[in-house]
1. In percent, what relative contact order does region 328-449 have, based on Cα pairs under 8 Å that are 6 or more apart in sequence?
2. If I fit a long axis through the Cα atoms of helix 4-15 and take the longest principal axis of the Cα atoms of the chain, what angle between them do I get, 0 to 90°, rounded to 10?
3. Quick check: from the Cα gyration tensor, does region 322-373 come out rounded (a/c under 1.5), prolate or oblate?
4. Restricting to DSSP H runs of at least four residues, report the calculated mean residue ellipticity at 222 nm for the chain, -39500 (n - 2.57) per run over all residues, nearest 500 deg cm²/dmol.
5. Express in nm, to one decimal, how much length is gained between Thr363 and Ser414 on full extension, taking 0.36 nm for each residue of separation and deducting their alpha carbon distance.
6. For the chain, which whole-number percentage of the solvent-accessible area (1.4 Å probe, protein heavy atoms only) is attributable to carbon and sulfur atoms?
7. Ranked by accessible surface with a 1.4 Å probe, highest first, in what order do Leu214, Leu334 come?
8. Rounded if a/c is under 1.5, else prolate if a/b beats b/c, else oblate: with a ≥ b ≥ c from the C-alpha gyration tensor eigenvalues square-rooted, which is region 249-327?
Amino acid sequence: MRFTLLCSFLFLLINQSIAQKMDWSGNTSPDYTSLINYYKQLAKSNKRVELYCMGNSDYGLPIFLCIINGAGDSLATFNKAKKQTTILINNAIHPGEPDGVNACASWIEKELELKYTANSPVVAIIPAYNVGGMMNRNGTSRANQNGPVEYGFRGSARNYDLNRDFIKMDTENSFTFSKIFHALNPDVFIDTHVSNGADYQYTLTYISSLKERLAPPIASLTYDKLLPFMNKELQMVPYVELKGDTPETGIVAFNDLPRYAMGYASLFHSISFTVETHMLKPFPERVKVTEEFINVLYKWTRNNSEKIEKARMDAENWALDQAYLKYNYAMSDLSDSITFLGYEASTPVHPTTEVARLFYDRTKPYQKKVPYFNHYQALDSVKTPRYYVVSGKEIEVIKRLKANEITYKTVDTSYQVNGRVAIVRDFTSLAKPWEGHYKHSNTKVDFVQEQLIINRGDLLIDAHQFKSQFIHAALQPLTEDSYFSWNFFDSYLQQKEYFSAYVFIDKIDEILAADPSLKLSFEERKLKDVEFRNSEAQQLDYLYQNSPYFEQSYMRLPIYFID
Ligand SMILES: [Zn+2]
């Protein structure tokens, strides 16, 4: 591992600031420089703590990784992390929500006072992921949040929400994250946040991955073993995403698509959580429950490492056996009932606006059963090929596959093979950009079986590898977060050449004579379709598109599927 280059730069940063003892339990959270300085000092003074510069952020300052219970040097530590049970915790992806920043440091200090045991999991902590956001300090951008007094901003240096960037990877942060993630291959992953939304009694809420999307061994370990244990140890409730205006109308399970940190981690069968503390609870209380969540999960991981390792191996084998990939998960109308500690809500008229407002009355706490809509079903599925071929010219896609350490072969001699190509028939795009993209959805594709030419320099990817779920999610054009949906193949969605009708009309008899099946379909269409029969433009366009004159690349994606 080569982590030293950026570190030399770091020393400059650290030497300029004075090391200080941090108070993790007050209403403050440190800025980037003080935080990294603290970790550096901690790593210097304690053998169980290692600190690595892992790569750049879009701000230009590095993202660090603190590891405890490693093996003492980078190579041995990352090897240990890959082989043994490892927890990865990501903090300050939204720097306005810095509970995890304080909680992790506080947790480490307490853990270091305890004796290291051989079965202690490796714990890797990203102290500050959104460096640019950390540098953009303020005390106002979290309008409804109860502390700390100062914090960073949600957007990164280039104003991306990094918690939507794990597949499209617009930022250097995401490239550094994938480096960290694959260097560790974490078994358990936690992303720390603070919620927005309704008022209720809980300080701690959490998101776990949609059970329907998980490999069954991971779903069963998470939902049958881990969550019952955590619910016994902690007062927590699933993240309160509302079905209606208040929790009483129901809570909706969060659909953790691969664009999110935890959805991304789930593609690699990591047991993934987002911690969402409640914005209206005081910062010190939120830090405390975040730390408790981490500690309870740490203990469970330590005591269940064999089960976790086995479940991940079984999950991998399960994934490799799946002939179809399910996608388009939609919430069903079925709900479970959960006990919920809320506050009575009413809608009095506000004197200034003179219209009804939503009001949660904290003097009227309740315990009620509320519906929990936690059943999803995949509306679609697509056949998964044994191999994908990605055109060697698609350098942006290839950059991302490499960053995710996908195993592939570069084709050295061109050859022909029978396979499928995806022809896009329809899609809709956003009218305004979202996270820098006019994202596509409602995509319709025909997979056409053809004799394909695989060119020298193309990538041949065997889908039978540990990262198969990532490969399918990114390369299958129909999936919710595919590279197609994130606009990587937009240049293929535009026709480049056209024809002049008054010239082309003199070619159509020749075209029809050379292609009897086209002649048949053309005549049939003329018989059945009056508008077509009366339109020279429609007829010529049809013949042009089905003739050898029509360009091959239009709507044809540069990915092949070989079964
Ligand atoms: Zn957040």
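1. Values: 143 pairs, mean separation 25.2, N = 122.
Dividing the mean separation by the residue count of region 328-449 yields 21 percent.
2. The two axes meet at around 40 degrees.
3. oblate
4. Helices in the chain give a 222 nm mean residue ellipticity of -9500 deg cm²/dmol.
5. Stretched fully, the Thr363-Ser414 segment lengthens by 11.0 nm.
6. Here carbon and sulfur together make up 51 percent of the probe-accessible area.
7. Leu334, Leu214
8. Verdict is oblate for region 249-327.
The values are calculated or read from the model by the stated rules, or taken from the named source; none is laboratory data. Everything quoted here is computed from the prediction, not taken from an experiment. Quick reminder, even Gly has a Cβ in these numbers, built from the backbone with ideal geometry, and neighbours come from all protein chains shown. Areas reflect the complete protein model, heavy atoms only, side chains present, ligands, DNA and RNA absent. Shrake-Rupley method; radii C 1.70, N 1.55, O 1.52, S 1.80 Å.
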